[in-house]
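*Asks:* One structure coming up, written as structure tokens, with questions to follow.
The values are calculated or read from the model by the stated rules, or taken from the named source; none is laboratory data. All of these numbers come straight from a predicted model, not from anything done at the bench. We place every Cβ from the backbone using ideal geometry, glycine too, and count neighbours over all the protein chains shown.
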Amino acid sequence: MKKEETLEQKEKRHLKEKNELIRREKEFAKKKPKGYLWFLFLVLSLVYITDEVASQISIQNQSNIIQEFFVQKMGMDYGSGLTLFQTLGLITTPLLLLAVFYKPLSDRIGRKPFLIINTFFMGVGMFIIYLSQNIVVYMLGSCVISFFVMHDMHCVYILETAPKEKRATLYSVSKCFAVLGTMFIPLMRDIFMKNDSSKWHLVFLVPAIFGAVISLVALLLARETDAFLIRRIEYLKQTDEEREEIKKIHASEESQGGIVDAVKFSFKHKQLRNLMFCTVFFFIASIVTSTYNTVLKESYGLEETAVTTVLFFYPFGNAFYTLISGFFSDKLGRKLTSVIMSISAIINYIMFIISLTFNFPPWLVGLFIGFFMGSYWSAGDTVGGIMFGESAPTNLRSSVVTVQTLVFGIGGLVGQGIAMVCQVFIPVSSFGIMYTLIAIPSMVVSLILLMKNVGETKGLDLTKITGEEWDDKKEEVLEDAQV
């Protein structure tokens, strides 16, 4: 039960809110420079590059990391080393609990501070890994990266800043640019490593510096989102009595963020509840997004130069699906696009395994794994990102997306747990087939749930969403939110 405020505490709160209201109104009234939207999306794309590189760089050097820390220094076989590595990775799981308190702060404080902080510390995490000479220091850097990449504040920025009719298109264009930016990784491998696996640390240095620079660029050029400012100003202008009255009608309208309110809200409303079930099954398959380097090097025996060639072509395949998914989403709708991308992901991962089995050229192998990653994450970002965000009110949007992060974690842990058990008993040469048998069924279940139980969110006005639009087929409410 909420503790009753004293008169002194209430007066202090009112004064604090009055000062914030003045600051927010001044910030909102400040004229944007000509072409600001384009500058902003350039900045967000650069932030997105940092996020994508930080997310992929350890995955694309996974075999080298395991060989050094577990096989060479601990004398383990590769399968056991990979399982121990993944087990140690589970220490990042408690970070999900910290995330539920961290990310919702942006619903009260604003989006910009967290855009800057997250980007800077992604760079810090990569720099720590660059310095690592043992698994303890490596895991410290990995934990820093894991915590700050999970928040995707640049995605919230895009959702709240892009024109309604171009929201998914601009999202996909920004991500396409970011995916192409992951060529940083094979470029650094080609410059520093060649066929010398021991030099993998150097691959992390330039992206680490890049992250620090881009955080400074975001500090200087990005402004707070209008959607946040409008809703926050509206809230600050309300009297305590008005807030209590609104709370009686719609509890979500009074809340200014918080994981407890977001969880209650997500389970209460049909659309978000069904999206959570789809997301759990979909992200069981995420095990294959973090093990393709192991499949390339250890299961099918590719040399470092061949792996680097695969990774050079990987971004092109990834970017292709990332780009077209946004156009599909704004033209065909979020739901149909998610269905198309999910089916494409299933086909392309199977083709990735076939291409390795029959010794296709490395560039073609790279395109297939890129096609898979692009279609898989396009479907995941649409279902677990865009549709989640578009199904929640502004004052709870960031908090509800945090709930999605927890759901993603649950699905990912299930998939990883199954793989970790299998890796101990199955020979490394069969890992590719084993991962396929984990991923494909879970994606098929998610696809069925999506088609049957989730409603469309294309074209909704995010300032009008209440979450009730899909409850008991309230068509009149849904029509009010349509653009």
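*Asks:* Just one of the numbered conditions (1) farther than 23 Å from residue 89 by Cα; (2) at pLDDT 90 or above is not true of residue 67; which one?
*Replies:* (1)
*Asks:* Here are 446, 429, 442: which of them is more than 20 Å from the chain's Cα centre (by Cα) and farther than 30 Å from residue 230 by Cβ? So that I can check it myself, show each step before the final result.
*Replies:* Details: 446 fails: more than 20 Å from the chain's Cα centre (by Cα); 442 fails: more than 20 Å from the chain's Cα centre (by Cα).
Sole residue among the options that is more than 20 Å from the chain's Cα centre (by Cα) and farther than 30 Å from residue 230 by Cβ: 429.
*Asks:* Sticking with this one: For the list (1) under 15 Å from residue 387 (Cβ atoms); (2) modelled with pLDDT of 90 or more; (3) touching a Ser or Thr at 6+ places or on another chain (Cβ under 6 Å), I need the number of the one condition that residue 325 fails.
*Replies:* (2)
*Asks:* Which residues, counting only those in the range 19-29, are surrounded by 10 or more Cβ atoms within 10 Å (Cβ to Cβ) and without any contact (Cβ under 8 Å) to a residue 40 or more places away in the chain?
*Replies:* 19, 22, 23
*Asks:* Condition first: touching a Leu at 6+ places or on another chain (Cβ under 7 Å), assigned to a helix (DSSP H, G or I) and either in contact (Cβ under 8 Å) with a residue 12 or more places away in the chain or of a type outside the set (A, V, I, L, M) (or both). Can you find one or more residues in the range 71-92 that meet it?
*Replies:* no
*Asks:* Of the conditions (1) touching a residue at least 24 places away in the same chain (Cβ under 8 Å); (2) surrounded by 12 or more Cβ atoms within 10 Å (Cβ to Cβ), residue 32 satisfies every one except a single condition; which number is it?
*Replies:* Tallying (1) touching a residue at least 24 places away in the same chain (Cβ under 8 Å); (2) surrounded by 12 or more Cβ atoms within 10 Å (Cβ to Cβ), residue 32 fails exactly one: (2).
*Asks:* Also, I was wondering about something else. Using beta carbons and a limit of 9 Å, which pairs, at least six apart or on different chains, have the first residue in the range 370-383 and over 16 Å from residue 316 (Cβ atoms) and the second one assigned to a helix (DSSP H, G or I) and of a type in the set (D, E, K, R)?
*Replies:* Final answer for the pair search is 381/175; 382/334; 382/335; 383/334; 383/335.
*Asks:* Give the residue, chosen from 347, 353, that is in contact (Cβ under 8 Å) with a residue 60 or more places away in the chain and either out of contact with any Phe, Trp or Tyr (no Cβ under 6 Å at 6 or more places or on another chain) or not hydrophobic (A, V, I, L, M, F, W, C) (or both).
*Replies:* 353
*Asks:* Could you tell me whether residue 191 is in a helix (DSSP H, G or I) and modelled with pLDDT of 90 or more?
*Replies:* In short, yes.
*Asks:* What is the number of the single condition among (1) under 26 Å from residue 21 (Cα atoms); (2) within 16 Å of the chain's Cα centre (by Cα); (3) of a type in the set (Val, Ile, Thr) that residue 161 does not meet?
*Replies:* (2)
*Asks:* For residue 418, are the conditions met, namely being among the β-branched types (Val, Ile, Thr), part of a helix (DSSP H, G or I) and surrounded by 24 or more Cβ atoms within 10 Å (Cβ to Cβ)? Let's see the steps before the verdict.
*Replies:* Numbers: among the β-branched types (Val, Ile, Thr): yes; part of a helix (DSSP H, G or I): yes; surrounded by 24 or more Cβ atoms within 10 Å (Cβ to Cβ): no.
No.
*Asks:* A follow-up question, please. Filter the range 140-186 down to residues that are assigned to a helix (DSSP H, G or I) and either free of Cβ contacts under 8 Å to residues at least 12 places away in the same chain or among the hydroxyl-bearing types (Ser, Thr, Tyr) (or both), then give me how many there are.
*Replies:* 9
Here is a yes/no grid of residues against (1) of a type outside the set (Phe, Trp, Tyr); (2) more than 25 Å from residue 65 (Cβ to Cβ); (3) surrounded by 22 or more Cβ atoms within 10 Å (Cβ to Cβ):
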site: 283; (1), (2), (3): no, no, yes
site: 293; (1), (2), (3): yes, no, yes
site: 310; (1), (2), (3): yes, no, yes
site: 314; (1), (2), (3): no, no, yes
site: 335; (1), (2), (3): yes, yes, no
site: 343; (1), (2), (3): yes, yes, no
site: 354; (1), (2), (3): yes, yes, no
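*Asks:* Let me ask something else. From the list 383, 310, exactly one residue is assigned to a helix (DSSP H, G or I), in contact with a helix residue (DSSP H, G or I) (Cβ under 9 Å, 6 or more places away or on another chain) and at pLDDT below 90. Which is it?
*Replies:* Details: 310 fails: at pLDDT below 90.
Among 383, 310, only 383 is assigned to a helix (DSSP H, G or I), in contact with a helix residue (DSSP H, G or I) (Cβ under 9 Å, 6 or more places away or on another chain) and at pLDDT below 90.
*Asks:* Right, another one. In the set 82, 131, which member is surrounded by fewer than 22 Cβ atoms within 10 Å (Cβ to Cβ) and either modelled with pLDDT of 95 or more or at negative phi (or both)?
*Replies:* Values: 82 fails: surrounded by fewer than 22 Cβ atoms within 10 Å (Cβ to Cβ).
Selected residue: 131, the only one of 82, 131 that is surrounded by fewer than 22 Cβ atoms within 10 Å (Cβ to Cβ) and either modelled with pLDDT of 95 or more or at negative phi (or both).
*Asks:* Another one. Taking the conditions exactly as written (of a type outside the set (D, E, K, R) and under 24 Å from residue 445 (Cα atoms)), does residue 321 satisfy them or not? Spell out the reasoning first.
*Replies:* Values: of a type outside the set (D, E, K, R): yes; under 24 Å from residue 445 (Cα atoms): yes.
Against the criterion (of a type outside the set (D, E, K, R) and under 24 Å from residue 445 (Cα atoms)), residue 321 qualifies.
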